[in-house]
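The structure under discussion appears below in the form of structure tokens.
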Amino acid sequence: AQSVTQLGSHVSVSEGALVLLRCNYSSSVPPYLFWYVQYPNQGLQLLLKYTSAATLVKGINGFEAEFKKSETSFHLTKPSAHMSDAAEYFCAVSGIIQGAQKLVFGQGTRLTINP
Amino acid sequence: DTEVTQTPKHLVMGMTNKKSLKCEQHMGHRAMYWYKQKAKKPPELMFVYSYEKLSINESVPSRFSPECPNSSLLNLHLHALQPEDSALYLCASSLERTRRQETQYFGPGTRLLVL
């Protein structure tokens, strides 16, 4: 079975500060990991994904994430927060069930940016 | 173009009504998904279609009836819903269903309120 745990349901940072959103995974096979962002009243948008090509993955909007197998982590970072980064962020691990891909999502982290 | 469209954006229905949600993509994707998302929760998988055939039904009540008329279109027919079915319904698509590294592209969702 695969799962992800997002530490911190709510993270608040000041504009211009470092953003760090934590995700730890559990997987019996080499994982494929995703970070999605959801802005209010919108669908999910892919930020980045890890598919074993490189441990440091760069995504859109200045976000990046580092895969650390020894720590079973895939934390999302951004050097300098912008007001437009305020949103819900979901980490997900991908599995195959009954021959089809299934994303297993974490509970989400709500990011608030203080001016 | 990585767009998945959904109509309507909002829907209010009574418990005796019949309504349908529509999802469309023109990316040549062969897998399409329906998710249900309650407030402050991650999306939950409901159905997976691959090559217009139902691959996964995650034990969804029969009052939800999916349909995939062609490779670009996915419908969700609603009948005799309960107030607890009120949620954001998200559609997603991916190139193939059988690979864990595939990106699922999400639509903006239909916000459903059952009275």
For the protein assembly as shown, whose charge dipole is built from +1 on Lys and Arg Cβ atoms and -1 on Asp and Glu Cβ atoms, the candidate among A:VAL19, A:PHE67, B:LEU78 with its Cα farthest towards the positive end is B:LEU78
Restricting to DSSP loop positions (anything but H, G, I, E, B) with no more than 12 other Cβ atoms inside 10 Å of their own Cβ, which trypsin sites (Lys or Arg not before Pro) remain in segment A:44-86? A:LYS69
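Could you give the Stokes-Einstein D for chain B in µm² per second, using the C-alpha Kirkwood radius, 37 °C, 0.692 mPa s? The partial results should precede the final answer.
Working: Rh = 14.1 Å.
The Stokes-Einstein estimate is 233 µm²/s.
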Past 18 Å, Cα to Cα, is the threshold; run A:LYS102/B:LYS53; B:LYS19/B:LYS53; A:LYS102/B:LYS36; B:LYS9/B:LYS36 against it and keep the listed order. B:LYS19/B:LYS53
Taking K and R as +1 and D and E as -1, what net charge do the other residues with C-beta under 12 Å from the C-beta of A:THR112 add up to? -2
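Just the ratio, please: alpha-carbon radius of gyration of segment B:21-67 over 2.2 N^0.38 Å, N its number of residues.
Values: Rg = 11.5 Å, N = 47, 2.2 N^0.38 = 9.5 Å.
It is 1.21.
Could you list the chymotrypsin sites (Phe, Trp or Tyr not before Pro) in segment B:9-115 that lie in coil according to DSSP, counting only those with at most 15 other Cβ atoms within 10 Å of their Cβ?
Taking segment B:9-115 and a limit of 15 other Cβ atoms within 10 Å, the loop chymotrypsin sites (Phe, Trp or Tyr not before Pro) found are B:TYR51.
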Quick check for me: using +1 on Lys/Arg Cβ and -1 on Asp/Glu Cβ, what's the dipole size of the protein assembly as shown about its Cα centre, in debye to the nearest 20? 300
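Restrict the search to segment B:44-107; then list the trypsin sites (Lys or Arg not before Pro) that DSSP places in a loop and that have at most 16 other Cβ atoms within 10 Å of their Cβ.
Values: sites: B:LYS53, B:ARG63, B:ARG97, B:ARG99, B:ARG100; in loops: B:ARG63, B:ARG97, B:ARG99, B:ARG100.
Passing sites in segment B:44-107 are B:ARG63, B:ARG99.
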Report the Cα centroid-to-centroid distance between segment B:49-115 and segment A:61-84 in angstrom, as an integer. 30
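Taking N as the number of residues in segment A:37-98, what is its alpha-carbon radius of gyration divided by 2.2 N^0.38 Å?
Working: Rg = 12.9 Å, N = 62, 2.2 N^0.38 = 10.6 Å.
Cα-based Rg divided by the globular estimate yields 1.22.
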For B:MET46, B:MET13, B:MET27, B:MET32, what ranking results if the residue with the fewest other Cβ atoms within 10 Å of its Cβ goes first? B:MET27, B:MET13, B:MET46, B:MET32
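With Cβ to Cβ distances under 9 Å as the rule, what net charge do the other residues near B:SER94 carry (K, R +1; D, E -1)?
Neighbourhood net charge equals +1.
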Less than 20 Å apart at the alpha-carbon level, and either on another chain or at least 8 residues along: which lysines does that give for A:LYS58? A:LYS49, A:LYS68, A:LYS69, A:LYS78
Viscosity 1.002 mPa s, temperature 20 °C, Stokes-Einstein D of chain A from Kirkwood C-alpha radius, µm²/s: 150
Over the protein assembly as shown, how many percent of alpha carbon pairs lie in each 5 Å bin up to the one with the longest distance? 1, 7, 14, 18, 18, 16, 12, 7, 4, 1, 0
If neighbour count is taken as other Cβ atoms inside 10 Å, put B:LEU54, A:LEU103, B:LEU11 in order from fewest to most. B:LEU54, B:LEU11, A:LEU103
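FYI, it's all coordinate maths here, none of it is from the lab. All figures in this text were calculated on a predicted structure; none of them were measured in a lab. Don't worry about glycine lacking a Cβ; one is built from the backbone with ideal geometry, like all the others, and counts go over all protein chains shown.
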